[in-house]
Amino acid sequence: MGGFVKTQKTSAYSKRFQVKFKRRRAGKTDYRARIRLINQDKNKYNTPKYRFVVRFTNKDITAQIISASIAGDMVLASAYSHELPRYGLEVGLTNYAAAYCTGLLLARRVLKIRGLDQEYEGNVEATGEDFSVEPADERRPFRALLDVGLVRTTTGNRVFGALKGALDGGLDIPHSEKRFAGFKKDDKQLDADIHRKYIYGGHVADYMKNLAEEEPEKYQAHFSEYIKKGIEAEDMEALYKKVHAAIRADPSVVKSTKQPPMEHKRYNPKKLTYEQRKASLVERLNQLNSGAADDDDEDDE
Amino acid sequence: MPAGHGLRSRTRDLFARPFRKKGYIPLTTYLRTYKIGDYVDVKVNGAVHKGMPHKFYHGRTGRVWNVTKRAIGVEINKQVNGRIIRKRIHVRVEHVQPSRCTEEFRLRKAKNDQLKADAKARGEVISTKRQPLGPKPGFMVGGATIETVTPIPYDVVNDLKGGY
């Protein structure tokens, strides 16, 4: 054996193959959902349609308000969970409670940008109940549509934690309480107490208590950062209350003072642009022609 | 039995999607806005079944007269017997593209306005009319040799050698 393997993809196959859109190949965009989220009524002309985009990475939460345009999507405001240390939350930056905080931060930021933050306070005391913004007298609330991306929308997903944060912050986002943590499918009702527990990290606190009693080593390993910062299971609710208050007090963006990453030396030549390649071709031809003209003169003589 | 004359008859190739362009349609079609009075081309997208115009209108250009939630009203000329009727159809935005028929005119208008403003600033009077190409200028033909061609007298004997 070794050497030739029967080719699986003939050139005929490659010639006829139609690639999917780039972001679909990357598995990042669901175009079926995107079309439906972006499509604006034609008789509304250039009125932007805002999406409340929530994405989770392994260590961060991204919440953005985005409107689409032909040049590219425009981000109106964004909030990341790595900004939460500024408001006093340093650990557990990807849990349900952190998602709530990030959604809340984004909502207050957007309302401040639009000048609506005095009118639409939202739900200051997070109770876990379903809260929808009441339109005030003069200006209508800021409306956005939730964009979950490719996440499976199960009950209690952190995406809906961020949604709840934005709703309580004062944004108008059409939703149903069916997917909030604490919705009982049997009763077909949202148990507001359970939802409130999740918003204040109660589920994490319970787990902490459980581990501290039953398996102390695992507790040390799992919640090492909490221990380092001195956060106990009982402190969680008070901590999150403080964070919410801090967010409402000052949601403005702070430019990071980090240096831009240093440039590394190139080990391979940089690709030339079309203009550069044409220019170098013209140069080469000129040299050839002038060289040939010299040769001709020499031959003639 | 004979083939019918249904709404989409004889459109097998006309409404087919082009090679390797099947599936989801790019989102700029949904993001474009159209105002009343714009010129648009009607080009059917076979992937979207709603709001399709009749095959006659495929490839026609018309003006927008109405804008609704998902569709656009387009006014297109259709010749029926001896006259041309202005037909008004409603077409979903997926089957419509902005027309470039007035692009050259609009650019020329903008350029002419600029030229006139410049001339006014300088105090000159200019004409911005387009002039048709005139006759080409005369030129001397170079490197031509003159070869006089005369007919040779008819030679009966040689020519009839082939057969008669």
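The values are calculated or read from the model by the stated rules, or taken from the named source; none is laboratory data. Because the structure is a prediction, the values reported are computed rather than measured. Counting neighbours? That spans all protein chains shown, and the Cβs are built from the backbone with ideal geometry, glycine included. Surface areas here come from the heavy atoms of the whole protein model, side chains and all, with no ligands, DNA or RNA. Shrake-Rupley method; radii C 1.70, N 1.55, O 1.52, S 1.80 Å.
Numbers for the structure displayed
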| quantity | calculated |
| --- | --- |
| Over the stretch B:15-98, equivalent-ellipsoid semi-axes from the Cα gyration tensor in Å | 22, 16, 10 |
| Whole-angstrom gap from the stretch A:232-301 to the stretch B:57-133, using each part's C-alpha centre | 41 Å |
| All lysines inside 19 Å of A:Lys178 as judged from Cα atoms, apart from same-chain residues fewer than 8 positions distant | A:Lys164, A:Lys188, A:Lys197 |
| By accessible area with a 1.4 Å probe, ligands and nucleic acids excluded, highest first: order of A:Val19, A:Val54 | A:Val19, A:Val54 |
| Three-way shape call for chain A based on the alpha-carbon gyration tensor, with the a/c threshold at 1.5 | prolate |
| Threshold 50 Å² - residues in the stretch B:16-32 whose accessible area is reduced by that much or more when the chain is no longer isolated, probe 1.4 Å | B:Phe19, B:Arg20, B:Tyr24, B:Leu27, B:Tyr30, B:Leu31 |
| A:Thr94/A:Arg32 FRET efficiency (R0 25 Å; Cβ-Cβ; nearest 0.05) | 0.40 |
| Per residue, in Å², the accessible surface of chain A once ligands and nucleic acids are set aside, probe 1.4 Å | 66 Å² |
| Chain lengthening between A:Leu272 and A:Glu125 when straightened (0.36 nm per residue, less Cα-Cα) | 47.0 nm |
| Extended-chain gain in nm, criterion 0.36 nm per residue less alpha-carbon gap, A:Lys44 and A:Ile70 | 7.7 nm |
| Förster radius 60 Å - calculated FRET efficiency between B:Glu104 and A:Val253, Cβ distance, rounded to 0.05 | 0.85 |
| Helix axis angle, B:103-122 relative to chain B longest principal axis, alpha carbon, degrees | 80 degrees |
| Local electrostatic count at A:Thr94 - Lys and Arg +1, Asp and Glu -1, tallied over other residues with Cβ under 14 Å | -1 |
| Chain B, relative contact order in percent, only Cα pairs under 8 angstrom and at least six apart counted | 17 percent |
| For residues of A:34-44, the mean tally of beta carbons on other chains within 10 Å | 5 |
| Estimated buried accessible area (total), pair A and B, 1.4 Å, Å² to nearest 100 | 2000 Å² |
| Estimated [θ] at 222 nm from DSSP helical runs (n ≥ 4, -39500 (n - 2.57)) normalised by residues in the protein assembly as shown, nearest 500 | -10000 deg cm²/dmol |
| DSSP-assigned coil residues among chymotrypsin sites (Phe, Trp or Tyr not before Pro) in the stretch A:198-301, each with at most 16 further Cβ atoms within 10 Å | A:Tyr267 |
| Listed residue pairs exceeding 31 Å between alpha carbons, taken from A:Lys15/A:Lys271; A:Lys209/A:Lys255; B:Lys35/B:Lys55; B:Lys87/B:Lys129 | A:Lys209/A:Lys255; B:Lys87/B:Lys129 |
| Relative contact order of chain A, defined on C-alpha pairs under 8 angstrom at six or more residues apart (%) | 16 percent |
| Most to least accessible of A:Glu213, B:Glu104 (protein chains only, probe 1.4 Å) | A:Glu213, B:Glu104 |
| Stretchable slack from B:Leu115 to B:Arg17, in nm (0.36 nm times residue separation minus alpha-carbon distance) | 30.8 nm |
| The stretch A:1-80: trypsin sites (Lys or Arg not before Pro) in DSSP coil with no more than 13 other Cβ atoms inside 10 Å | A:Lys6, A:Lys9, A:Lys20, A:Lys28, A:Lys59 |
| Shape of the stretch A:69-174, Cα gyration tensor, a/c cut at 1.5 | rounded |
| Cβ charges +1 (Lys, Arg) and -1 (Asp, Glu), total dipole of the stretch B:19-88, debye | 160 debye |
| Per DSSP, loop GluC sites (Glu not before Pro) in the stretch A:55-137 with at most 11 further Cβ within 10 Å | A:Glu125 |
| Proximal lysines relative to A:Lys270, as straight alpha-carbon distance under 18 Å, when same-chain residues fewer than 8 apart are discounted | A:Lys278 |
| Accessible area of chain A belonging to carbon and sulfur atoms, whole % at 1.4 Å probe | 50 percent |
| Listed residue pairs exceeding 18 Å between alpha carbons, taken from A:Lys28/A:Lys49; A:Lys22/B:Lys21; B:Lys43/B:Lys78; A:Lys185/A:Lys241; A:Lys20/A:Lys49 | A:Lys28/A:Lys49; A:Lys185/A:Lys241; A:Lys20/A:Lys49 |
| Anisotropy class of the stretch A:1-88 from Cα gyration tensor, a/c 1.5 cut | oblate |
| Length-normalised contact order of the stretch B:15-98 in % [C-alpha pairs under 8 Å, at least 6 apart] | 31 percent |
| Dipole magnitude of the protein assembly as shown, debye to nearest 20 (Cβ charges: Lys/Arg +1, Asp/Glu -1, about Cα centre) | 2720 debye |
| Candidates A:Asp186, A:Asp41, A:Asp30, ranked by Gaussian network fluctuation over chain A, Cα under 10 Å, top entry | A:Asp186 |
